[in-house]
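Enquirer: A single structure is presented below for examination.
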Amino acid sequence: MNDAIELFSARVCPYAHRSRLVLMEKGIDFTLTEIDLSNKPERFLQVSAYGKVPALLHNEVEIYESAIINEYLEEVFPDPVLLPRSAARRAYARIWIDYCNSRFTTDSYTLLKNRDQDKMERLVTVVHDHFRIIENRALAKLSGDGPYWFGRAPSLVDMAYYPHFERFPAWEYYRGLTIPADCPRLLNWVQAMGNRDSVRAIINSPEYYIERYKSYAT
Ligand SMILES: N[C@@H](CCC(=O)N[C@@H](CS)C(=O)NCC(=O)O)C(=O)O
């Protein structure tokens, strides 16, 4: 079958970034359609019932929500494999992607958007706690002697988290957030991800994120 794949995306969006990375890691040819989120085209709204990027059009198949798009890509294009082989570790992968969506991201953006100085210190502690949970409950237990979530090869979990860490300079700039020194695996993970060809091909500068996140933070 001749595959026609179109990804509706927005450069600033960490969720669209996830699906771009998975498409590139798998070497899949695709058309990237940049969406102006303040003026969404009808064609995009036909595909994404939520009106959010990313959305994927694969021949006649219409999919949205980054985690679901990425699992779909994993099933349809299994090479290279981006989920662990064992059922238990696949379940762990899904737990950590859920953790990213439901805890890590929510609390990170609460910190960035907060302007109440009295709450700031507590919100920084909450995000630091997430870093330590990732360090100790995920990487220390699952990554063995490799730099990625599940060891030597990257997975959908790495692709789910990395876009948030690429945007980290905005948190550092506006909120003084740093990754604590007692998270060496996490620091190493950021570096390993930053060296991947897929990541380097579409990386944005710290200045880009600092500028684009200004309205959230100030
Ligand atoms: N849960 C969604 C989140 C996607 C999302 O929030 N996308 C934002 C841009 S980063 C968006 O399209 N916002 C447009 C809107 O809400 O109108 C996913 O994982 O795909």
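The values are calculated or read from the model by the stated rules, or taken from the named source; none is laboratory data. This one's a predicted model, so the numbers in the text were calculated from it and none came from an experiment. FYI the Cβ positions are ideal-geometry reconstructions off the backbone, even for glycines, and counts take in every protein chain you see.
Enquirer: Does A217 count as in contact (Cβ under 8 Å) with a residue 60 or more places away in the chain and loosely packed, with under 15 Cβ neighbours inside 10 Å? Explain how you work it out, then say what you get.
Expert: Working: in contact (Cβ under 8 Å) with a residue 60 or more places away in the chain: yes; loosely packed, with under 15 Cβ neighbours inside 10 Å: no.
Spelling it out, it is not the case that A217 is in contact (Cβ under 8 Å) with a residue 60 or more places away in the chain and loosely packed, with under 15 Cβ neighbours inside 10 Å.
Enquirer: Given the criteria without any contact (Cβ under 8 Å) to a residue 12 or more places away in the chain, more than 17 Å from C183 (Cβ to Cβ) and part of a loop (DSSP other than H, G, I, E, B), does D145 qualify? Explain how you work it out, then say what you get.
Expert: On the way: without any contact (Cβ under 8 Å) to a residue 12 or more places away in the chain: yes; more than 17 Å from C183 (Cβ to Cβ): yes; part of a loop (DSSP other than H, G, I, E, B): yes.
Yes: the conditions hold for D145.
Enquirer: For the range 14-25, give me each residue that is near the ligand (Cβ under 7 Å from one of its atoms) and either within 16 Å of P80 (Cβ to Cβ) or without any contact (Cβ under 8 Å) to a residue 60 or more places away in the chain (or both).
Expert: To start, the set of residues in the range 14-25 that are near the ligand (Cβ under 7 Å from one of its atoms) comprises 14-16.
Selection gives A16 alone.
Enquirer: Name the single residue, out of those in the range 172-199 being β-branched (V, I, T) and within 21 Å of Y109 (Cβ to Cβ), that is surrounded by the most Cβ atoms within 10 Å (Cβ to Cβ). It would help to see each step written out before you state the result.
Expert: First, the residues of the range 172-199 that are β-branched (V, I, T): 178-179, 190, 199.
With the extra rule that they be within 21 Å of Y109 (Cβ to Cβ), the set shrinks to 178-179, 190.
Working: T178: 14, I179: 20, V190: 18.
Across the range 172-199, the extreme among qualifying residues is I179.
Enquirer: Please go through (1) in a helix (DSSP H, G or I); (2) of a type outside the set (S, T, N, Q); (3) within 26 Å of H130 (Cα to Cα); (4) within 13 Å of the ligand (Cβ to nearest atom) for Y72 and return the number of the only condition it doesn't satisfy.
Expert: Looking at each condition in turn, Y72 falls short on (3).
Enquirer: Within the range 140-164, count every residue that is crowded, with 18+ Cβ neighbours inside 10 Å and out of contact with any strand residue (DSSP E or B) (no Cβ under 9 Å at 6 or more places or on another chain).
Expert: Selection size over the range 140-164: 11.
Enquirer: Still on this structure: Considering (1) in the same structural domain as I210 (by TED's automatic domain parsing); (2) in a helix (DSSP H, G or I); (3) farther than 23 Å from G151 by Cα, say which one C100 fails and leave the rest.
Expert: Condition (3) is where C100 drops out.
Enquirer: Yes or no: L57 more than 12 Å from the ligand (Cβ to nearest atom) and within 19 Å of the chain's Cα centre (by Cα)? Working first, answer last.
Expert: Working: more than 12 Å from the ligand (Cβ to nearest atom): yes; within 19 Å of the chain's Cα centre (by Cα): no.
Considered against the rule, which asks whether it is more than 12 Å from the ligand (Cβ to nearest atom) and within 19 Å of the chain's Cα centre (by Cα), L57 comes out as no.
Enquirer: Under the condition of being among the hydrophobic types (A, V, I, L, M, F, W, C) and over 19 Å from the mean Cα position of the chain (by Cα), which residue from the range 31-47 is farthest from the ligand (Cβ to nearest atom)? It would help to see each step written out before you state the result.
Expert: Restricting attention to the range 31-47, the residues satisfying the condition of being among the hydrophobic types (A, V, I, L, M, F, W, C) are 32, 35, 37, 44-45, 47.
Cutting the leftovers down to over 19 Å from the mean Cα position of the chain (by Cα) gives us 44-45, 47.
Details: F44: 10, L45: 10, V47: 12 Å.
Applying the filter and picking the extreme gives V47.
Enquirer: Among (1) in a helix (DSSP H, G or I); (2) out of contact with any Lys or Arg (no Cβ under 7 Å at 6 or more places or on another chain); (3) under 21 Å from P80 (Cα atoms), which single condition is M159 missing?
Expert: (2)
Enquirer: Confirm whether Y50 is under 19 Å from the mean Cα position of the chain (by Cα), surrounded by fewer than 20 Cβ atoms within 10 Å (Cβ to Cβ) and more than 9 Å from the ligand (Cβ to nearest atom).
Expert: Working: under 19 Å from the mean Cα position of the chain (by Cα): yes; surrounded by fewer than 20 Cβ atoms within 10 Å (Cβ to Cβ): yes; more than 9 Å from the ligand (Cβ to nearest atom): no.
No, not satisfied.
Enquirer: In addition: Taking only pairs six or more apart or across chains, which ones have beta-carbon atoms under 9 Å, a first residue in the range 50-72 that is on the phi > 0 side of the Ramachandran plot, and a second residue that is modelled with pLDDT under 95 and more than 8 Å from the ligand (Cβ to nearest atom)?
Expert: Partner pairs satisfying both residue conditions: N59/M1; N59/N2; N59/D3.
Enquirer: What single numbered condition from (1) aliphatic (A, V, I, L, M); (2) crowded, with 19+ Cβ neighbours inside 10 Å; (3) in a loop (DSSP other than H, G, I, E, B); (4) more than 16 Å from the ligand (Cβ to nearest atom) fails to hold for V81?
Expert: All conditions pass for V81, except number (2).
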